[in-house]
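Every number in this text was worked out from the coordinates using simple rules, so none of it is lab data. The shown structure was predicted, so the numbers you read here are calculated from the model rather than taken from an experiment. Cβ: placed from backbone, ideal geometry, glycine included. Neighbour counts: every protein chain shown.
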């Protein structure tokens, strides 16, 4: 089924994405459609939240809350925006609250503890040497710390732009700000990252 | 082409180009500009370093029991609501009528007692009598006696006045 479907809504033709259609089915009591939405967006939401809070357990807990809120809101759901905009608005809101409340204030320490668990880019032909692994781990830690050091909103904007490939308009809707504000956030964030990661060239 | 770094609005072109998200036409124009602008070349080089560094940061896979935990929470959420409804149902079904009836009586009573019906306070007929003290009665009788004597003085030929 195409991602975008033209649906006639009260005489006016509105573009309704497939996710929104699924959500409307959930609203009508179709639990299976919720399963489809979960399957489709689970990893995306968890990964976004992980990069935001940099703690796997906290990220999964927040992701659970995101999908729980989606399910709870099914009765009042109206497809006024793209489904993923709504989904990531909830996710971003929860992540920013979590960061503000300091729930993961020890995330940097735990991040270091968990470094071994994190998948690095695997080379298919042979296993990397110990030295290569250590270099890669150090580089990865540096990237994570550089991202963690960004102000929360800049971080959210960069993660949506880089990993979710969202357009400025969608990021603006998620962050509830203007498109020019998003451009400014991204430019400042990348400027900081360029300065911190320049030596990795 | 005007240097994208000169205007804040156009800097995004460099970011888009670095992430290979710029359309073909603009890419061609920008690449021509990059031949002559070292500042933009440096910007693009730095941005590509960032882009590649971020590419290397992969998130961990989601826990295998993520869905099970979520559906358990949803189930808990739903059952909580069902429990609440279950508890409220007897109140609504079995006690709704008596409660409604009592409420109706209370409302009707309140309406009957509404201030737009002015209360007529009956004037106590014996209020003044009840209020008289014995010495006042004696005094009144004395005054009647004085008046009676005065009448006799004014009309010596008349008989006793009829009271």
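Let me know the Kirkwood hydrodynamic radius for segment A:131-201, please, with Cα pairs as the basis and the value in Å to one decimal.
Working: mean 1/r = 0.0776 Å⁻¹.
In segment A:131-201 this quantity evaluates to 12.9 Å.
Based on the Cβ-Cβ distance of residue A:141 and residue B:48, what FRET efficiency does E = 1/(1 + (r/R0)^6) give at R0 = 25 Å, to the nearest 0.05? Working shown, then result.
On the way: r = 21 Å, r/R0 = 0.83.
After rounding to 0.05, the efficiency reads 0.75.
When the chain is fully extended, how far beyond the present Cα-Cα distance does residue B:6 get from residue B:35, taking 0.36 nm per residue of separation? Before the final figure, lay out each step's value.
Working: separation 29, 0.36 × 29 = 10.44 nm, distance 1.66 nm.
The residue B:6-residue B:35 span can extend by a further 8.8 nm.
Need one value for A:179-187: mean number of C-beta atoms belonging to other chains within 10 Å of its residues' C-beta atoms. Display every interim value, and only then the final one.
Working: counts 0, 3, 0, 1, 5, 3, 0, 3, 5.
Across A:179-187, the average partner-chain Cβ count within 10 Å equals 2.
Only residues of segment A:29-73 count here: report those whose backbone N is under 15 Å from the spot 7 Å along Cα→Cβ of residue A:21, or say none.
Inside the label zone: A:33-34, A:36-37.
Return an integer: the convex hull volume of the alpha-carbon atoms of segment B:1-83, in Å³ per residue. Write out the running numbers ahead of the final one.
Values: hull volume 13.1 nm³, N = 83.
Convex hull volume per residue, Cα atoms: 158 Å³.
Give me a single rounded figure for B:59-70: the average over its residues of other chain Cβ atoms within 10 Å of their Cβ. Present the calculation step by step, with values, prior to reporting the outcome.
Details: counts 13, 10, 5, 11, 5, 0, 1, 8, 6, 0, 3, 11.
Counting other chains' Cβ atoms within 10 Å and averaging over B:59-70 gives 6.
Based only on other Cβ atoms within 10 Å, what is the fewest-to-most ordering of B:13, A:171? Don't skip to the answer; put the middle values down first.
Numbers: B:13 20, A:171 26.
Ascending Cβ contact count within 10 Å gives the list B:13, A:171.
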